[in-house]
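Notes for the one structure printed next.
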Amino acid sequence: MIIAITGASGVGKTTILKELSKRLSKHNTVKVFHFDDMELPNWDELEDAKKWQEEATIGWIDKLVKIARNDNVHILFEGSTEIKFYIEGFVRNRYQDYNVILFDCSEDTMKNRLIERGQPELYHSNMIGWLNYLRREALLKKVEIVETDHASIPKIVQGLIDKLHLK
């Protein structure tokens, strides 16, 4: 199974997957990848950021599906990208054993987390718009939404482990 997680900056994607990686360090049947593990473009010089995001997301899914099939492993992948791009990548690869999840939180929680991690500049109207866009897209595509405001990290991590049917 591949679980693809999306969400705006500050919703908890990376924090939760770091904790999950610790919990699963002895499991050689699970691999964790982050969208930002690739070289990112200079956003100011990019002509069409949306097109780049689509191509990069589908490229990631191509790679992850090959790894899942060849290595017979589960994969957790996180990146702040559009849900439809994840789905398109899985459909193109004829891969059905996947789950897309939106991690979400309130604007106040996002703001506080971004300030705490030393990135207050990421809290701006465009990021709030992205947060709201992803919520609408998740509802439209009937994608699971995990609210990270009040749920504990261990509880969210355990939910992901349960989805993979691991002990």
In the range 1-34, anything surrounded by fewer than 20 Cβ atoms within 10 Å (Cβ to Cβ), part of a loop (DSSP other than H, G, I, E, B) and touching a residue at least 60 places away in the same chain (Cβ under 8 Å) is listed as Met1, Ser9, His27, Thr29
For the range 72-92, state whether one or more residues are in contact with a Ser or Thr (Cβ under 8 Å, 6 or more places away or on another chain), modelled with pLDDT under 95, closer than 12 Å to Thr6 by Cβ and of a type in the set (S, T, N, Q). yes
If we ask which residues in the range 63-87 are in a helix (DSSP H, G or I) and either more than 16 Å from the chain's Cα centre (by Cα) or of a type in the set (Lys, Arg) (or both), their number turns out to be 8
Condition set in contact with a strand residue (DSSP E or B) (Cβ under 7 Å, 6 or more places away or on another chain) and at pLDDT below 90, scope the range 15-28, selection nearest to Ile115 (Cα to Cα): answer is Ser21
Pairing a residue in the range 109-120 that is of a type in the set (D, E, K, R) with any residue that is part of a loop (DSSP other than H, G, I, E, B), where Cβ atoms lie under 7 Å and the two sit 6 or more apart in sequence or on different chains, gives Lys111/Tyr123; Arg113/Gly10
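For the structure I just gave you, tell me whether Ile67 is among the hydrophobic types (A, V, I, L, M, F, W, C), at pLDDT 90 or above, surrounded by 13 or more Cβ atoms within 10 Å (Cβ to Cβ) and more than 25 Å from Leu131 (Cα to Cα). Before you say what the answer is, go through the steps one by one.
Numbers: among the hydrophobic types (A, V, I, L, M, F, W, C): yes; at pLDDT 90 or above: yes; surrounded by 13 or more Cβ atoms within 10 Å (Cβ to Cβ): yes; more than 25 Å from Leu131 (Cα to Cα): yes.
Yes, satisfied.
Yes or no, residue by residue, for (1) loosely packed, with under 15 Cβ neighbours inside 10 Å; (2) assigned to a helix (DSSP H, G or I):
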{"site": "Gln96", "(1), (2)": "yes, no"}
{"site": "Val100", "(1), (2)": "no, no"}
{"site": "Phe103", "(1), (2)": "no, no"}
{"site": "Asp108", "(1), (2)": "yes, yes"}
{"site": "Lys111", "(1), (2)": "no, yes"}
{"site": "Leu114", "(1), (2)": "no, yes"}
{"site": "Met127", "(1), (2)": "no, yes"}
{"site": "Glu137", "(1), (2)": "no, yes"}
{"site": "Leu140", "(1), (2)": "yes, yes"}
When every residue in the range 29-54 that is charged (D, E, K, R) and modelled with pLDDT of 90 or more is compared, the one farthest from Lys84 (Cα to Cα) is Lys31
Restricting attention to the range 142-158, the residues that are surrounded by 14 or more Cβ atoms within 10 Å (Cβ to Cβ), farther than 19 Å from Ile83 by Cβ and touching a Ser or Thr at 6+ places or on another chain (Cβ under 8 Å) number exactly 1
Over the range 125-150, the set of residues among the small types (Gly, Ala, Ser) and more than 17 Å from the chain's Cα centre (by Cα) is Ser125, Gly129
Of the conditions (1) touching a Lys or Arg at 6+ places or on another chain (Cβ under 7 Å); (2) within 15 Å of Thr15 (Cβ to Cβ), the single one that Asp149 does not satisfy is (1)
Apart from one, (1) at pLDDT below 95; (2) in contact with a helix residue (DSSP H, G or I) (Cβ under 9 Å, 6 or more places away or on another chain); (3) more than 23 Å from Gly59 (Cα to Cα) all hold for Ser125; the odd one out is (2)
With criteria (1) surrounded by 14 or more Cβ atoms within 10 Å (Cβ to Cβ); (2) modelled with pLDDT of 95 or more, Ile161 comes up short on (2)
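The values are calculated or read from the model by the stated rules, or taken from the named source; none is laboratory data. The structure displayed is predicted, hence computed values, not measured ones. FYI the Cβ positions are ideal-geometry reconstructions off the backbone, even for glycines, and counts take in every protein chain you see.
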